[in-house]
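These notes concern the structure reproduced below.
Taken together, the values in this text are just the output of simple stated rules run on the coordinates, not laboratory data. Fair warning: this is a prediction, and the values are worked out from it, not measured in the lab. Ideal geometry is used to build each Cβ from the backbone, glycine not excepted, and the neighbour counts take in all protein chains shown.
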Amino acid sequence: MKSLRNVDRDAGFFEQWGEVGLAEPGCAADLAGKIAQCLREPRALGRYARSWVEERFGWTAIATRLLRRYEEVLGRNISNF
């Protein structure tokens, strides 16, 4: 089972949001700094989080992935019919 730390890293969310990210393991000062930055910029984090989720899980992204799967199963391109 993946830890929450690895899931976040795999998803890429924190690494793409500027300086705010996952704290270094065992470094309380780094963790405190990351929390403080989130508290100073909650709207920026919220805007970024929303756009990140919409890009990956919005209807356009879902439809695109579903279409690719159908094309894989059918063995042909169906997006131009």
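What's the exposure ranking of W52, W59, going from fewest to most Cβ atoms within 10 Å?
Fewest-to-most Cβ neighbours within 10 Å comes out as W59, W52.
In nm, what is the difference between 0.36 nm times the number of residues separating R56 and E71 and their Cα-Cα distance?
Going from the current span to full extension adds 3.4 nm.
Using the 10 angstrom Cβ neighbour count as an exposure proxy, how do C38, C27 rank, fewest first?
Least crowded to most crowded, the residues run C27, C38.
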